[in-house]
Amino acid sequence: MPIHFDPQVDEILDHVDDSLDAGTFPVSVLTDKGLFDRELERIFTRAWVYVGHESEITSRGDYVHRYIGKDAFVLVRGEDDQVRVLFDSCRHRGALICRAEKGNASHFRCSYHGWTYANTGEMTGAPMFRKAYGSMDKSKWGLIQAAHVENLHGFIFASLDPEAPTLEEYLGEMKWYFDLVYGQLKDGWEVIGEPMRSIVHANWKTASENFGGDDYHTMFLHKSLTEVNLTAFYMDDTRAPLSVMHVLAGNGHSIALDVRPEDDGKGFWMWPNGEELYTDALGEELYDTARRTASHVGTIFPNFSILGFPLQQTVESGPVAMHVIRVWLPRSPTELELINWVLVPKGLTEEQKTEAARSALATFGTSGTFEQDDTEPWEAVARTSETAFAKKIDMQLNYQLGMPQNGTAISRQGDEILSGPGIKYFPAFEEGLLRGFWRRWVQFMRPGDYPTTMTPAEQDGERG
Ligand code: FES
Ligand SMILES: [Fe+2]
């Protein structure tokens, strides 16, 4: 039965849309309870979301416990070697079937009455089955599974909506950038250790939009880090956005890249054994761009963010590329669970892996320097959003950076440096990527069929 929404919600979405056209955003919308509930239904049961990396479940029976929105799932490699995303909910009364964070199991047994399921999701039995259930058809009572599961370069995504497009269609222009960052290692990537988890008292969208194109904060909020030289290799000075290009990739996705005009040794290849790690199997264009790309940070709508850049721990030490991926799980309008994985190329030496993981933990681990910087203001934003006064006056935030009426000379060019698709803004003193994230959010929140493709131009505010 379709769910009917409060018409007032649609008026709010219209208001957000109009505000974005003016380069503003009504702050109270961020943590609205009604909208939060609707996000869980309209966004998280439909969008493609990241659930885990194949290196976490390499053997048959390996599983990890994951969430899509607030709903629990088990990402598992079945006995048949197929990867599935099983709804963690017993078909008998709905109790949980998985009580561990990770493990290896041929079967999951519900702790309530003992119904048992194979790691492929099939129901295999229940206590006193013949006496209790006679000839009940077990094949009708297997665990419910995500409608779609796809693996792109080892990264596993799922969508709970049978109507969802393929992952490739969903990524749209972002696929080119995903290939750029993750598709060119000969041996692929692996996750090091367990994903770190922490609670941030902020709204999940604040984190998604920050990673989706808020380079403007780096030179101020993170200034102290450049002063202690932690990032000296990456940031030639404290004006990092000057060397960063913003790419609006459509469908709510965006990425910021530091693409150098020439290969200056600061690109993805920066490890001493870089030449051995990479392959040009995806073509010369991506291969060449990777050589020249020193950093990337981006968001795949709705709540998956990627980040990598070279770091140097001391003046003497050489650079180390740190890579993290993160999911911003919605827990309440003012609370997100930050899940953070450290990634390394499989082809690195053990010593290099340790060094790369250490750099990642020092910066974007739970107590990492950047993480501490970032999460404090995110929490303050949520507090503002909740205030009665902001609601009373419909307080509008300024999202006008880079808009023509703001008088800034933002260029939409950059093709000579970066051949990839999407709308490119250079330098990165602009907030079109953030407005684009919110436009896709509005589109997903509307009632109706699965949201159609949103082109970069539409995300940029051009109406069809
Ligand atoms: S709820 Fe799972 S066996 Fe009864
Ligand atoms: Fe930051």
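The values are calculated or read from the model by the stated rules, or taken from the named source; none is laboratory data. Predicted, not measured: the structure shown is a model, and the values here were computed from it. No Cβ is skipped: glycine too gets one built from the backbone with ideal geometry, and neighbour counts run over all protein chains shown.
Kindly indicate which of Asn210, Asn119 is in the same structural domain as Gly436 (by TED's automatic domain parsing), at negative phi and either surrounded by 21 or more Cβ atoms within 10 Å (Cβ to Cβ) or over 17 Å from the mean Cα position of the chain (by Cα) (or both). Break it down into steps so the answer makes sense when it comes.
On the way: Asn119 fails: in the same structural domain as Gly436 (by TED's automatic domain parsing).
It is Asn210.
For segment 398-424, a residue qualifies if it is closer than 19 Å to Glu173 by Cβ, assigned to a loop (DSSP other than H, G, I, E, B) and at pLDDT 90 or above, and the qualifying residues are Leu418, Ser419, Gly420, Pro421, Gly422.
Go through the residues of segment 375-397 one by one and say whether even a single one is under 27 Å from Val259 (Cβ atoms), away from ligand 1 (no atom under 16 Å from the Cβ) and at pLDDT 90 or above. It would help to see each step written out before you state the result.
As a first pass, look at segment 375-397 and keep what is under 27 Å from Val259 (Cβ atoms): none.
For segment 375-397, residues under 27 Å from Val259 (Cβ atoms), away from ligand 1 (no atom under 16 Å from the Cβ) and at pLDDT 90 or above: absent.
Which of the residues spanning segment 311-322 are touching a residue at least 60 places away in the same chain (Cβ under 8 Å) and in contact with a helix residue (DSSP H, G or I) (Cβ under 7 Å, 6 or more places away or on another chain)? Passing the criteria: Leu311, Gln313. One residue is enough: does segment 311-321 have a residue meeting the conditions crowded, with 20+ Cβ neighbours inside 10 Å and in a helix (DSSP H, G or I)? The answer is no; no qualifying residue exists.
May I ask you to verify whether Phe129 is of a type outside the set (Lys, Arg) and closer than 24 Å to Trp341 by Cβ? No.
For segment 243-290, the tally of residues that are more than 19 Å from Leu171 (Cα to Cα) and part of a loop (DSSP other than H, G, I, E, B) stands at 19.
Condition test on Val16, is it out of contact with any Leu (no Cβ under 7 Å at 6 or more places or on another chain) and away from ligand 1 (no atom under 16 Å from the Cβ)? Steps first, answer last, please.
Values: out of contact with any Leu (no Cβ under 7 Å at 6 or more places or on another chain): yes; away from ligand 1 (no atom under 16 Å from the Cβ): yes.
Spelling it out, Val16 is indeed out of contact with any Leu (no Cβ under 7 Å at 6 or more places or on another chain) and away from ligand 1 (no atom under 16 Å from the Cβ).
Criterion applied to Val85, Val74, Val64, Val51 was being in a strand (DSSP E or B), closer than 18 Å to Ile156 by Cβ and within 16 Å of ligand 1 (Cβ to nearest atom), and the one residue passing it is Val74. Could you please let me know if Arg99 is part of a loop (DSSP other than H, G, I, E, B) and of a type in the set (Lys, Arg)? Criteria met by Arg99.
Residues that are touching a helix residue (DSSP H, G or I) at 6+ places or on another chain (Cβ under 9 Å), in a strand (DSSP E or B) and either modelled with pLDDT of 95 or more or within 16 Å of ligand 2 (Cβ to nearest atom) (or both) within segment 193-219 comprise Pro195, Met196, Ser198, Val200, listed in sequence order. The combined condition, being within 22 Å of Leu75 (Cβ to Cβ) and either touching a His at 6+ places or on another chain (Cβ under 7 Å) or away from ligand 1 (no atom under 16 Å from the Cβ) (or both), is fulfilled by His148.
If you go through segment 157-171 one residue at a time, do you hit one that is out of contact with any helix residue (DSSP H, G or I) (no Cβ under 6 Å at 6 or more places or on another chain), assigned to a strand (DSSP E or B) and at pLDDT 95 or above? The answer is yes, given that some residue of segment 157-171 is out of contact with any helix residue (DSSP H, G or I) (no Cβ under 6 Å at 6 or more places or on another chain), assigned to a strand (DSSP E or B) and at pLDDT 95 or above. Taking segment 343-357 as the region of interest, how many residues are part of a helix (DSSP H, G or I) and either touching a residue at least 12 places away in the same chain (Cβ under 8 Å) or within 16 Å of ligand 1 (Cβ to nearest atom) (or both)? Qualifying residue count, segment 343-357: 5.
With within 24 Å of Arg66 (Cβ to Cβ), without any contact (Cβ under 8 Å) to a residue 24 or more places away in the chain and not acidic (Asp, Glu) as the only criterion, which of Lys131, Lys175, Lys205, Lys138 stands out? Give the derivation first.
On the way: Lys131 fails: within 24 Å of Arg66 (Cβ to Cβ); Lys205 fails: without any contact (Cβ under 8 Å) to a residue 24 or more places away in the chain; Lys138 fails: within 24 Å of Arg66 (Cβ to Cβ).
Answer to the selection: Lys175.
For segment 88-114, residues that are near ligand 1 (Cβ under 7 Å from one of its atoms) and over 30 Å from the mean Cα position of the chain (by Cα) total 6. Could you please let me know if Ile57 is within 30 Å of Met395 (Cβ to Cβ), away from ligand 1 (no atom under 16 Å from the Cβ) and surrounded by 16 or more Cβ atoms within 10 Å (Cβ to Cβ)? So Ile57 fails the test.
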